[in-house]
Structure formats: structure tokens, C-alpha cells
1. Please compute the contact order of the stretch 2-68 in relative form: average sequence separation of alpha-carbon pairs under 8 Å and at least six residues apart, divided by the residue count, as a percent.
2. What percentage of the solvent-accessible surface of the stretch 1-74, computed with a 1.4 Å probe over protein heavy atoms, is contributed by carbon and sulfur atoms?
3. Please give the solvent-accessible surface of GLU21 in Å², to the nearest 10, using a probe radius of 1.4 Å with every protein chain present.
4. So, with +1 on the Cβ of K and R and -1 on the Cβ of D and E, and no other charges, what is the size of the charge dipole of the stretch 2-59 about its Cα centre, to the nearest 20 debye?
5. What is the spin-label model distance, in nm, from SER157 to VAL108 if the labels are put 7 Å beyond Cα along the C-beta direction?
Amino acid sequence: MSLPLVSIIIPSLNEEEYIEETLENLRKQTYPNIEIIVCDGDSVDDTVKIAKNYADKVIVQKTNIAQARNLGAENSKGDFLVFVDADTVLDKKWIELGVNVMRKQRNVVCVGGRVLPKIKEMKYRILYKIGWDLLPRIFAKFNCPQFTGVSIMVRRSVFEEIGGFNESTVSYT
């Protein structure tokens, strides 16, 4: 059985300091069947130049972050859509584990994953642990799953059914 394609969509805006490490990390994922799409909000630094060295597609269009995510989805081919921030490092098995869950459990429509902090300062590492690891687990225990755009995987069919991200509520700041 062939592996489903996973489209990884990365919104970016002036991320030259972070995006290369993120893209290198994604290329080292254990899941092999991926496409990487960077949707840049018209950066004035070298973000686009760096992204072109790693991504399968780079789209430059002045957008907010929700519009960039939706634009990436529109230009993708994957059965599963992964949304990752440009300054995010994922566990190397994140995509593989997510695909395995989604393929085995058809009622699961979205999964989140562990995010590894790039910042070495302890206060930021603690914030990462609480905000992107512990809080989603706690909410899930109370049957109220919460996902952040930092790292989520969703079935394309469900993403399209709900109309993607609400473009009127999220902007680059």
C-alpha cells in the first residue's frame, strides 16, 4: 500500500533567523512522502531565498497568517495537511506518528504533536512545555481538544469541509 502524501504548509514573514533550521528539520522527518510549501507574506529579509533551497513550492503574497495557511492548502496535493510555524522544530517522528494515527483511526480528524523549543533560555522552554505540550493534553482529558497552528495535522477533506482557517481573525504581528 502506498503512503499518503503529506503537505507541510509553513506561513512565514521575515523568518530568516529561524526558517532554515525548521526546513532542515522537516526534511529529516522519518516519514518520506512529503511536500513542503512555504507561503511568505512578502518578507523583506532573506526568508524567501532560504526557503527556495528546501521547499517544493514557495508562494509570495502579502497575506495574514490564516490566509497564508489557506493559500498553502489550496496549492497542496496531500491527503493530510500539516501546518507548522516557521520557527518550529518537530520531533523527527512527528509526521510518521500523526499519519499512523490518522490511518488507523478514521474518526480522528486532527492531531497535534510535541514541539521542541529552539530557544535555550529556561523561561521559554517552560512556556513551550506548558503552552504547546501540557495544556493541549489537559484540555483533551476534558473532551475539549485544543490545537495551535504551531504544529497540527488535519485531514484535507475535513479542512475543506470547515472552510480552512478563519481569515478575519488572525494576522501577522
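The values are calculated or read from the model by the stated rules, or taken from the named source; none is laboratory data. Quick caveat: nothing in here was measured; it's all calculated off a predicted structure. Cβ: placed from backbone, ideal geometry, glycine included. Neighbour counts: every protein chain shown. The area values use the complete protein model at the heavy-atom level, side chains included, leaving out ligands, DNA and RNA. Shrake-Rupley method; radii C 1.70, N 1.55, O 1.52, S 1.80 Å.
1. Value for the stretch 2-68: 38 percent.
2. On the way: 1560 of 3500 Å².
It is 44 percent, rounded to a whole number.
3. The value for GLU21 is about 100 Å².
4. Working: 5 positive and 12 negative charges, 79 e Å.
Here the stretch 2-59 has a charge dipole of around 380 debye.
5. The two pseudo-label positions are separated by 1.7 nm.
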